[in-house]
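Read the structure below first, then the notes.
The values are calculated or read from the model by the stated rules, or taken from the named source; none is laboratory data. What you see is a predicted model, and the numbers here were worked out from it, not measured in a lab. Backbone-built Cβ (ideal geometry, glycine too); neighbour counts: all protein chains shown. Keep in mind that these areas ignore ligands, DNA and RNA; they rest on the heavy atoms of the full protein, side chains included. Shrake-Rupley method; radii C 1.70, N 1.55, O 1.52, S 1.80 Å.
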Amino acid sequence: MALTLMYITNNPVIAQIAQKYGVDRVWVDLETLGKEERQKGLNTVKSKHCINDIRVIKPLLTTSEMLVRVNPWNEKSKHEINEVVAAGADMIMLPMWKSTSDVQHFVDTVAGRAKTTLLLETKEGLECLDEVLAIKGIDEMHIGLNDLHLAYGMTFMFELLADGTVEKICKKIGSSGLPYGFGGIARVGEGTLPAERIIMEHYRLGSTRAILSRSFCNVDSLNCIDDAEPIFRDNMKALRAYEESLKNATQEEFKENIHYVKESVDRIVKSIKEKK
């Protein structure tokens, strides 16, 4: 079964191109609270999306879903979620949750009006995961490696993959019956840790969801918006072809891959620390 792929954009032209070449979810990102402080100094995307982006893009989507990430639970969350539902979200994502209370409030507020997904990216969230998985009304979960590795004081986000943390979380979520995914993937043949190595880990761990990283198609670097079309066409074709090849992968190949991942992450972390 092919990965469900998500791409973050508030550009209606890019949204339609992504949909045309098989991106499953177009992601409008409303999260701003606390993000600048958490990821200060890192080369991460800081969103400038707004509610109106949902209203503009949703009518253009015929095969892709509209995924919207709201802010972490706060005193304005009910109003924000109601607006997001009214604007046309198919699925709503709650980031940075830290308690069963956060999740229960979120689920109760959405109240079945859209599908729900939880972004697991805090120590506190991981500590209460068993209790959260018992809450009714959650449709799926994504492991957010970027903030979660920062929460544990790590150097590189895929350390969580190399040290077995992601595998333990996947097994726990999987035992509850919820679909799950983790992290982001670059275009095949690229990435600090090659994208195909990460994709192979998705398959080994039973993950069925993945975020396409900014480098998959970096719109900000394009001379013309139309240049995005051949990039999406070629990169999606390569990604899906690689996935198809994994249908014949052996257990020995999966073992070799995780060994490669562990060694590569060790090298990457060492290199980063030496540069500091």
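In segment 146-221, Rg over Rh equals 0.98, where Rg is the alpha-carbon radius of gyration and Rh the Kirkwood radius from pairwise Cα distances.
Normalising the Debye intensity of segment 138-276 to I(0), with uniform scatterers on Cα atoms only, and taking log10 at q = 0.12, 0.14 Å⁻¹ returns -0.53, -0.72. Taking 0.36 nm per residue of separation and subtracting the Cα-Cα distance, full extension of the segment from residue 234 to residue 208 would add 7.2 nm. Heavy-atom accessible area for residue 78, with the other protein chains in place and a 1.4 Å probe, reaches approximately 120 Å². In this label model, residue 260 and residue 2 are separated by 2.3 nm, measuring between points 7 Å along each Cα→Cβ vector. Using a probe of 1.4 angstrom and keeping all protein chains present, the accessible surface of the chain works out to 47 square angstrom per residue. Label sites at residue 108 and residue 163, each approximated as a point 7 angstrom past Cα along Cα to Cβ, lie 3.5 nm apart. Heavy atoms only, probe 1.4 Å: what % of the accessible area of the chain goes to carbon and sulfur, would you let me know? Roughly 50 percent, rounded to a whole number.
In this label model, residue 52 and residue 215 are separated by 3.5 nm, measuring between points 7 Å along each Cα→Cβ vector.
Give me the percent relative contact order of segment 78-123, please, defined on Cα pairs under 8 angstrom at least 6 residues apart.
Working: 47 pairs, mean separation 23.1, N = 46.
Normalised by residue count, the contact order of segment 78-123 is 50 percent.
Each residue of segment 207-221 is assigned a 3J(HN,Hα), and the resulting list reads 6, 10, 9, 8, 8, 7, 6, 4, 6, 4, 7, 7, 4, 5, 8 Hz, derived from the Karplus form 6.51 cos²θ - 1.76 cosθ + 1.60 (θ = phi - 60°), x at Gly and Pro. Per-residue Karplus couplings for segment 53-63, computed as 6.51 cos²θ - 1.76 cosθ + 1.60 with θ equal to phi - 60°, are listed in order as 4, 5, 4, 6, 7, 3, x, 7, 8, 10, 10 Hz, Gly and Pro entered as x.
Rounded to the nearest 500 deg cm²/dmol, what is the calculated helix-only ellipticity per residue at 222 nm for the chain, with -39500 (n - 2.57) per DSSP H run of length n ≥ 4? Please report the intermediate quantities before stating the final value.
Numbers: 13 runs with 128 residues, N = 276.
So the calculated ellipticity at 222 nm is -13500 deg cm²/dmol.
Per residue, the average separation of C-alpha pairs within less than 8 Å and at least 6 apart gives the chain a relative contact order of 16 percent.
For segment 51-83, GluC sites (Glu not before Pro) are listed when DSSP marks them as loop and at most 10 other Cβ atoms sit within 10 Å of their Cβ; the list is 75.
Ignoring lysines fewer than eight residues from residue 48 along the same chain, the ones with Cα atoms less than 17 angstrom from its Cα are 35, 40.
Given the convex hull over the Cα atoms of the chain, what projected area results after averaging over all orientations, in nm²? Each step should come with its number before you reach the end.
On the way: hull surface 56.9 nm².
So the Cα hull casts an average projection of 14.2 nm².
Relative to its residue count, segment 1-136 spans a Cα convex hull of 130 Å³ per residue.
Across the protein chains, with a 1.4 Å probe defining accessible surface, the residues 161, 60 rank 60, 161 from largest area downward.
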